[in-house]
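The structure appears right after this line, and notes come after that.
The values are calculated or read from the model by the stated rules, or taken from the named source; none is laboratory data. Predicted model only: the values in this text are computed from it and were never measured. We place every Cβ from the backbone using ideal geometry, glycine too, and count neighbours over all the protein chains shown. Side chains included, ligands, DNA and RNA excluded: accessible areas come from the protein's heavy atoms. Shrake-Rupley method; radii C 1.70, N 1.55, O 1.52, S 1.80 Å.
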Amino acid sequence: MKERLKKLEQQARQLEPTAKERDHLLENAKRYGADFLDNLPELPAYVQTNEKGRGVYDLPFEGQPKNFDTILQTLKSEVDSQGLNPASGKHAGYIPGGGLYPSAIADYLAAVTNRYTGVFFSSPGAVRIENMCIRWMCDLIGYPDGAAGNLTSGGSIANLVGLVAARDDSGISANNFDRAVIYTTHQVHHCVIKAIKFAGLSDAIIRTIPMDEHYRMKASKLEKQIQSDIEEDLIPLVIFASAGTTDLGAVDPLDAIGDIAERENIWFHVDAAYGGFFLLTDHGQEVMSGIEKSDSVTIDPHKGLFLPYGSGALLVKDGQKLYESQHMTANYLQDTLKATEEASPADLSPELSKHFRGLRMWLPLQLFGVAPFRAALEEKLLLTRYFYREIQQIDNIEVGPEPELSVLFFRYIPEEGDANRFNKNLTDEIHRDGRVFLSSTHINDTVYLRLAVLNFRTHLEDIELILSVLREKIHKLTGTATS
Ligand SMILES: *Cc1c(COP(=O)(O)O)cnc(C)c1O
């Protein structure tokens with residue numbers, strides 16, 4: 001048996017690189033990251049290919065170990081040279097991503113030390129770091145002491161956990177789910193509809209409240225609908241408002257909705273996954289005033305705080321309610337109950353073992369302070385307004401409403417031919433070109449292009465390039481020069 005153990009140990013020890021091997025890995029990874037970032041300003045925002053990354057299958061797991069260079073080459077050619085480039089400042093489609101460098105360093109450190117951040121007992125310092133991030137975001141919302149939250153993988157999971165907390169707090173039993181009512185608008189993110197399904201609430205009634213001409217929920221209609229639902233013996237469960245809809249960037253009237261929710265005693269959730277961090281700006285404070293009246297908020301640090309993907313957050317005003325909804329214990333966890341000075345993430349979410357997500361948020365906030373974030377967000381708001389003004393200089397451009405945050409939409413109305421087809425072609429031309437990236441949407445049956453400015457690397461020169469690519473493509477499709 002010892003012979004066998006010796007042999008296995010020898011093989012197993014390959015999993016622990018020597019100091020020299022570690023240096024080799026780190027040096028190469030560092031060079032790869034540096035090349036990527038140094039070339040980023042020249043890299044396209046989008047690359048369409050026929051292969052679509054299929055080359056990754058050329059490196060199967062079985063067989064001979066491979067050297068790091070070969071692996072990195074594959075990463076470069078099959079992953080980082082194809083598809084969308086969310087790290088690029090020229091990506092202004094969907095909701096752009098971020099990718100702060102210190103967050104990458106934090107992820108590296110979190111993975112090397114592999115602290116266990118599910119429970120306070122196992123890594124009190126790490127849990128304090130996460131709770132510090134949560135408290136900072138709760139303060140940003142305007143929540144009182146006693147608020148709590150959880151760092152999630154993104155907004156979808158945050159919305160799901162928020163909905164489950166609302167469901168559990170309502171005391172409505174499954175027998176009555178078909179009488180429970182959820183209030184939202186057609187512009188709510190589709191992950192909320194998924195969340196309703198996952199929360200077992202598919203039988204609940206979803207009221208899509210009419211919107212004003214800026215695609216914001218009409219509070220007066222909401223109030224009327226609630227009244228008539230109560231008269232019909234239905235049970236209002238939750239209001240799902242948006243602070244920055246993904247598609248059109250609209251902010252529902254949070255203050256008025258908050259008053260209604262309070263009057264009728266209905267859980268009020270605000271999906272601020274996209275817009276939430278604009279609260280760091282005066283303008284954001286203004287358009288999202290009343291957000292503090294909510295019972296829970298979803299906010300995505302991988303959007304407005306420019307973190308790499310994998311960082312969302314759910315914040316709940318009455319932290320006890322989140323705890324009641326999410327905590328659970330097990331025999332084998334009895335030791336962990338000894339230290340309860342700080343809330344444990346596992347008691348406030350469905351997850352137990354988890355990535356140390358807090359470090360990638362905490363480190364950049366420590367290194368940079370808050371001021372550059374505030375400036376970057378204000379810059380994005382202003383760039384969007386600049387684009388809104390400049391795009392109207394092009395003949396035949398029709399714009400949507402003045403942007404509330406950093407998303408706007410517009411379309412070109414050709415002198416002849418189908419406008420929808422033209423704007424789809426215009427989108428395709430931009431995608432084929434790839435220097436910049438915009439995405440399209442449709443409202444009722446009308447096709448629009450969208451501009452979403454949120455990448456921290458997007459500055460004036462990128463917006464100018466987007467405008468010039470648009471002019472060029474319109475010219476190409478119409479055969480006429482644009483002013
Ligand atoms: C992005 C977004 C979501 C989904 O969040 P993920 O982080 O992608 O899971 C939900 N709601 C809104 C308003 C969003 O913009």
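Table: residues versus (1) of a type in the set (Asp, Glu); (2) open to solvent by 100 Å² or more (accessible area, probe 1.4 Å).
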site: GLN48; (1), (2): no, yes
site: VAL56; (1), (2): no, no
site: ASP69; (1), (2): yes, no
site: THR74; (1), (2): no, no
site: GLY83; (1), (2): no, no
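Summed over the range 54-89, residues that are of a type in the set (Lys, Arg), in a loop (DSSP other than H, G, I, E, B) and closer than 18 Å to ASP35 by Cβ total 0.
Checking each residue in the range 278-297 for being open to solvent by 10 Å² or more (accessible area, probe 1.4 Å) and within 16 Å of the ligand (Cβ to nearest atom) picks out only VAL287. Kindly establish whether MET132 is under 24 Å from ARG374 (Cα atoms), part of a helix (DSSP H, G or I) and within 16 Å of the ligand (Cβ to nearest atom). Here the answer is no, as MET132 does not meet what is asked. Checked against (1) within 14 Å of the ligand (Cβ to nearest atom); (2) in contact with an Asp or Glu (Cβ under 9 Å, 6 or more places away or on another chain); (3) among the hydrophobic types (A, V, I, L, M, F, W, C), VAL316 meets all criteria but (1). Only one of the listed residues (LEU465, LEU438) is among the aliphatic types (A, V, I, L, M), out of contact with any Phe, Trp or Tyr (no Cβ under 8 Å at 6 or more places or on another chain), surrounded by 18 or more Cβ atoms within 10 Å (Cβ to Cβ) and not assigned by TED's automatic domain parsing to the domain that holds ARG216. That residue is LEU438.
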